[in-house]
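The values are calculated or read from the model by the stated rules, or taken from the named source; none is laboratory data. All figures in this text were calculated on a predicted structure; none of them were measured in a lab. Heads up, the Cβs are rebuilt from the backbone with ideal geometry, glycines too, and the neighbour counts pull from every protein chain shown.
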Amino acid sequence: MSDSNLSNLAIQAALSNEWEEAISLNGNILKENPQDINALNRMAFAYVQVRKFDDAKRIYKKILGFDRYNIIAQKNLDRINNLLKQNKSGLNSKNTIFPLSPSLFIEEPGKTKTVVLSNIAPSSVLSNLNMGDPVTFKLKKHSAEIRDTNNVYIGALPDDIAFRLIRFTKAGNTYLVNIKNITKNSVSVFIREIKRGKRFASQPTFISLVSEKNYVSHHTTSRQTNEDEDDNSSENEEDDAQEEE
């Protein structure tokens, strides 16, 4: 089974609170790619939910060994340490300890996209963010910014993505955006298309470049075919008129 399929199964297991299954599936991914940061984060998250804090801490430290600026791993490691300092009896509850992150949602071709922001905010702003935090677009005439729920600037979308989202949002599309990953010098967001307006009802937001060319080519060809048929029809009508004369 491919890593992509295993990742989807691991995500589904986490969303269903099947934590032991999530640990097993992420473990299979890590056998093939021990430095898969996403799988490591998912496994550590699952270990926290089943109260295996030592295992979770070990994995978060491993992530920091690969990427010492991984803010998510550092924050969750700090949260575990704070939990362990609290009343231990409170850790026996079956409730979820960390809120389940929306960034674990399964990707859907054409409807979702992970985007790395440019011109990101200072680390003092980034340090207040967590994986899964909801954020919003601020669309301008030729650009799009990502801001938190307090309207604090986080970063800007690449021009090509911004252009598409401005165009599709004006046509009635709506989107959900969450923080996916944070490091000292990088922030990525997970964008999901929620609703399509009538104008682009049959066109995904994040259609690939090749697919988009095929889409445009198909519609251009169809339009040209219709125009040729109309021209031929007009010519036939003229010929019939001349014969009647």
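Summary table
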quantity: In segment 39-70, the residues that are within 20 Å of the chain's Cα centre (by Cα) and touching a residue at least 40 places away in the same chain (Cβ under 8 Å); calculated: 41, 42, 45, 70
quantity: Odd one out for residue 120 among (1) under 13 Å from the mean Cα position of the chain (by Cα); (2) assigned to a loop (DSSP other than H, G, I, E, B); (3) crowded, with 19+ Cβ neighbours inside 10 Å; calculated: (1)
quantity: Residue ID - modelled with the highest pLDDT, chosen from residues in segment 95-107 that are touching a Phe, Trp or Tyr at 6+ places or on another chain (Cβ under 9 Å) and assigned to a loop (DSSP other than H, G, I, E, B); calculated: 107
quantity: Segment 131-167, subset buried (at least 17 other Cβ atoms within 10 Å of the Cβ) and of a type outside the set (A, V, I, L, M, F, W, C), residue nearest to the chain's Cα centre (by Cα); calculated: 132
quantity: Unique residue being touching a residue at least 12 places away in the same chain (Cβ under 8 Å), among the small types (Gly, Ala, Ser) and over 23 Å from residue 207 (Cβ atoms) when the list is 121, 144; calculated: 121
quantity: Residue 84 vs. criteria hydrophobic (A, V, I, L, M, F, W, C), closer than 27 Å to residue 123 by Cβ and not in a loop (DSSP other than H, G, I, E, B); calculated: yes
